[in-house]
There are 2 protein chains.
Amino acid sequence: MKNEKINDIETFFNPQGIVIIGARSSPGFGYGIPMNLKEKGWEDRLFLVNPKGGQIDGMHVYEKVADVPGPASLAIIIIPAQGIPELLPQLREKGIRHVIIESAGFAETGDSGKALQDETYNILKKHGMRAIGPNCVGIVNTDNKLSTTETIQEAYIPGNTAIIAQSGVFGNILLDKLHLFGLYISKAVTLGNRIDVSEIEMLDYFHKDPLTNVIMMYLEGASNGRLLAKTLYTVTRDKPVLILKSGRTSQGQTATASHTGSLSGEDFLYDGMFSQTGAIRAESLDCLVEFARVFSSQPLPKGPRLGIVTGSGSLGALATDAAVLSGLEVPSHPSTATINEIKKLAPNWMNVKNPLDVGPSGLFKEALGAMMKDTDTDMVLAILTIPHAVFRNFQALGIDLRDWFGELKTIRKLAPEKPALACVVGHQEFLYYATEIAGPDMPVFTSPEMSVKALAALWQYGNWKTKVKK
Amino acid sequence: MKNEKINDIETFFNPQGIVIIGARSSPGFGYGIPMNLKEKGWEDRLFLVNPKGGQIDGMHVYEKVADVPGPASLAIIIIPAQGIPELLPQLREKGIRHVIIESAGFAETGDSGKALQDETYNILKKHGMRAIGPNCVGIVNTDNKLSTTETIQEAYIPGNTAIIAQSGVFGNILLDKLHLFGLYISKAVTLGNRIDVSEIEMLDYFHKDPLTNVIMMYLEGASNGRLLAKTLYTVTRDKPVLILKSGRTSQGQTATASHTGSLSGEDFLYDGMFSQTGAIRAESLDCLVEFARVFSSQPLPKGPRLGIVTGSGSLGALATDAAVLSGLEVPSHPSTATINEIKKLAPNWMNVKNPLDVGPSGLFKEALGAMMKDTDTDMVLAILTIPHAVFRNFQALGIDLRDWFGELKTIRKLAPEKPALACVVGHQEFLYYATEIAGPDMPVFTSPEMSVKALAALWQYGNWKTKVKK
């Protein structure tokens, strides 16, 4: 893509000043958005517009766009849909080419809304303007603390993952949730009805964005299937793209049509497109989030061989099944060197195999260290288990559980080039404890199956990338 | 099954008195188990045995089994495996026929362990004794607060779901986790190597147990495939059996063999057995838990038609896809009566369809109420969404969100005969809030896909039960 187009999108994320059309002093978006921006330090670059004039929380409200002193390069529009066609030329007059139209009431509502959307589109094109939306909540940029929607504090923590969503609510509640998984974003965009800016331009933009390493996308339908495929093929050579696509069934397709006016198309075509372009499809919302945690924190594996160290044979077996069914290999043994190392320490009853079930041997940290360094595995899953009554007794007695599980952060560093995850099944207090001792480089999962599915997706992408670059 | 056999299992859950072989004053099972029992009011029926004698926390320790005054009808054995064959006749001498062998070191460790297990088995049979284990943590009974393992307080809250697990650790950590999902148990058993009592006898027992409505089972391999099938067919006519089976792949089968010595067998045979006997197979540990929440709290649906009310079109579409792929129907519209009822209130832009996406109309509670009463749907999913920044503002202003979402507990009661679930995607504070307003009859899920998979499993079982009873 030409730099010009990249720069065009850049204005949405880094505007010089922002005009809010439809600011209000009563609860709702018209109040929440300016308050949010003010709180984040945008007050001196913020211009509120409402025909009623007056003040909102000490900020002047201009009655007309023409009164705005500027400079401003972006408008956030939250007035009813019908008023937007006549508004756009006024903004262009003020030198504002970029608008985020948050208002609903366009193509998603039926024929008359579709006509209004077409009219709006023609005006945008006539004036050389760019628009995100309508029927969306715009963008979030954690780098300059810009959010065009009301966003919780936790979502402003900068990370390396970008989000492309269609629906505004969906983007918003995803941001409400991700921090719980230790997942933080660089930027997010909700595209709504995609009157102008599409998921394809956003992929191009995030491809070039130095703060983004991973792209998560929720898609109801491609704006242009052929171009999406071409773009994905280019982007995935450098950055992983994780896609959750709805409209898999005809009933789901009907639902998306009345939601963002998207034609979702036959699902098998998307499946084919994703696998041929190196995009990773997530089968559920949970998968999308869990995959993103792994892609944003782990190196790509050199091969498909998974080593498992576990305190529970059952969980080891469940993880093994899911790993094999997802396309990984679970060698029946670690390398001879690892076997010898563990056998020196192990009690008679302990089977030194893979999964390596340490049972109550007290050898978890030794086994995990050996598996990390093992030359016959390309990635490692550590399944941590302890009856919680025992955990509480140990805590009460001041016994440090790191004597048992090891200093996970340090053990993880034995092989920084291997993906390594932890999995905890049990009480949430133990989950918090495990998350603390594992640190950010070893994300902790709560599902043995999901943790290996995420590793399998990582291998699928790593393998594709190696092949396509040859 | 004859009453005699039921009574035989009953002694494990309701013993007259308990002997603990291998009680100790140092940390570990030998200390934790007696302490746990004492705390739960079993002190006066508890007899500790250890050749060293002395006292443990004020309780007398008998040096020999012969010294135990009794009466006792159950022994918990936690001494090393080698000592067990000679111990059993001593217990029988004291009138104790029931033993829980928690010690490991039997068939799961290889040939010599297998020989020891065979020897132990012969002694048990010779003396007419019954055993759970070895390589397990025994049982939990929330009714009389009996647990033969260290168990957290939260796991003693009585519920209607029974657990059959093989591995001890697995059973224990499952109990650590379930209360987080609002799921409580009647009884639990971990069977370990199944030297005597098998999952089949336990199914029979829980079938008859008046405190158990739902049976959850984790299985590595059937002890007797033909008999398991016959038993499942009988039990599922009255109570649902949810099964998580590992050993789905040859690598997973190898893992189970070195874990509890189970031969897991070809997976497709199990798939066939479960579907022909009305058992519900869970594809993952998360599925098992989430299904149990629904089966333990919801009525069986009369048909497969799902109505969805949602604040997010995206989540509605994702739930629709997953529902259809799991075998449910999602009619494109609710009944005409419902459409008319909603259209009277709805703004122009709102599509009155199914999923019923209420957007920002403020009509969530009205839409949900109408969908509950709708004659064209057999079950309902309510997807609650709110940007968390807005939630926090409302909380700060003292605005009650029940004005928006409705008094869910009350709305749910409009159709007590229909399964009804809620789903929340977003911040955990909102999840806690939703769980509170929904109450125990409307469990709250965090995954749109999982919530409808659980409803599909409920329909699958309800449908099977209707057919088989004809």
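A few comments on the model shown:
- Overall size of the stretch A:306-389 from C-alpha positions, given as principal axis extents largest first: 35, 33, 19 Å.
- Take A:GLN16, move 7 Å from Cα toward the beta carbon, and the resulting point lies 9.3 nm from the same point in each other copy, nearest first.
- If you take the alpha carbon atoms of the stretch B:349-470 and fit the smallest convex hull around them, that volume is 112 Å³ per residue.
- Peptides A:415-421, B:215-221, A:375-381 ranked from most to least packed give B:215-221, A:375-381, A:415-421, packing being the mean of other C-beta atoms within 10 angstrom over each peptide's residues.
- Axis-nearest residue of A (beta carbon) for the A-onto-B rotation, whole Å: A:ASP286, 4
- Residue-by-residue Karplus 3J(HN,Hα) for the stretch A:283-298, coefficients 6.51, -1.76, 1.60, Hz, glycine and proline x: 8, 7, 4, 4, 4, 4, 5, 5, 4, 4, 4, 6, 5, 7, 10, 10
- Mean Cα-pair separation over length for chain B, i.e. relative contact order, pairs under 8 Å, 6 or more apart, %: 10 percent
- Between B:TYR270, B:LEU288, B:PHE430, the Cα set farthest toward the positive side of the dipole of chain B (charges on each charged residue's Cβ, about the Cα centre) is that of B:TYR270.
- Helix-only CD estimate at 222 nm, as mean residue ellipticity for the protein assembly as shown, using -39500 (n - 2.57) per DSSP H run (n ≥ 4): -13000 deg cm²/dmol
- Given charges at beta-carbon only (K, R positive; D, E negative), |dipole| of the protein assembly as shown in Debye: 980 debye
- Of every Cα-Cα pair in the protein assembly as shown, the percent that sits beyond 56 Å: 17 percent
- Summarising the strand pairing of the protein assembly as shown, around 15 percent of its internal DSSP beta bridges are antiparallel.
- Listed pairs B:LYS353/B:LYS453; B:LYS114/B:LYS187; B:LYS245/B:LYS418; B:LYS38/B:LYS125 exceeding 24 Å between Cα atoms: B:LYS114/B:LYS187; B:LYS245/B:LYS418; B:LYS38/B:LYS125
- Inter-label distance, nm, simple model (7 Å from Cα along the C-beta direction), B:LEU414/B:GLU154: 3.3 nm
- Estimated vicinal HN-Hα couplings, Hz - the stretch A:422-437 in sequence order (Karplus 6.51, -1.76, 1.60; Gly, Pro = x): 10, 9, 10, 10, x, 6, 5, 4, 6, 4, 4, 4, 4, 4, 5, 6
- Nm distances between copies for B:SER250, ranked from closest, using label points 7 Å along Cα→Cβ: 4.2
- For the segment A:152-161, counting C-beta atoms of other chains within 10 Å of every residue's C-beta and taking the mean gives 2.
- Rounded tilt (10° steps) of A:29-39 against the dominant C-alpha axis of chain A: 70 degrees
- For q = 0.11, 0.13, 0.17, 0.24 Å⁻¹, Debye-computed log10 I/I(0) when each Cα of the stretch A:1-88 counts as one equal scatterer: -0.31, -0.43, -0.71, -1.25
- Positive end of the dipole of the protein assembly as shown (Cβ unit charges, origin at the Cα centre): among A:TYR184, B:ALA457, A:TRP42, the Cα lying farthest that way belongs to B:ALA457.
- Net charge dipole size for chain A [Lys, Arg +1 and Asp, Glu -1 on Cβ; Debye, nearest 20]: 1040 debye
- Stokes-Einstein, applied to the Kirkwood radius of the stretch A:138-297 over Cα pairs at a viscosity of 0.692 mPa s and 37 °C, places its translational diffusion at 212 µm² s⁻¹.
- Normalised Debye scattering of chain A at q = 0.07 Å⁻¹ gives log10 I(q)/I(0) of -0.43, counting only Cα atoms as equal scatterers and leaving out solvent.
- Taking amide H positions as modeled 1.01 Å from N, with prolines and chain starts lacking one, the residues under 5 Å from A:LEU48 and 5 or more places away or on another chain are A:ILE20, A:TYR62.
- Tilt relative to chain A, helix A:168-178 - C-alpha long axis, 0 to 90 degrees, to 10: 30 degrees
- Note that the stretch B:236-242 has calculated 3J(HN,Hα) couplings of 5, 5, 10, 9, x, 10, 9 Hz, one per residue in order, obtained from phi through the Karplus relation 6.51 cos²θ - 1.76 cosθ + 1.60 (θ = phi - 60°); glycine and proline are x.
- Simple Cβ-charge dipole of the stretch B:306-469, Lys/Arg +1 and Asp/Glu -1, about Cα centre, in debye nearest 20: 320 debye
- Between helix A:364-373 and chain A there is an angle of about 70 degrees, using the helix long axis and the longest principal axis of the Cα atoms.
- Shielding score for B:243-253, defined as the mean number of other chain Cβ atoms within 10 Å: 6
- Copy-to-copy label distances for A:SER332, where each label lies 7 Å from Cα along Cα-to-Cβ, are 5.5 nm in order of increasing length.
- Counting only residues at least eight positions apart within a chain, or on another chain, the aspartates and glutamates with an alpha carbon under 15 Å from that of B:LYS126 are B:GLU86, B:GLU93, B:ASP118, B:ASP196.
- Only one residue of A:GLY316, B:ILE139, B:ILE173 has its Cα farthest out toward the positive end of the dipole of the protein assembly as shown, where Lys and Arg carry +1 and Asp and Glu -1 on Cβ, and that residue is A:GLY316.
Only the coordinates and a few stated rules stand behind these numbers; no lab work does. Computed from a predicted structure; not experimentally measured. Note that we place each Cβ from the backbone using ideal geometry, even for glycine, and neighbour counts take in every protein chain shown.
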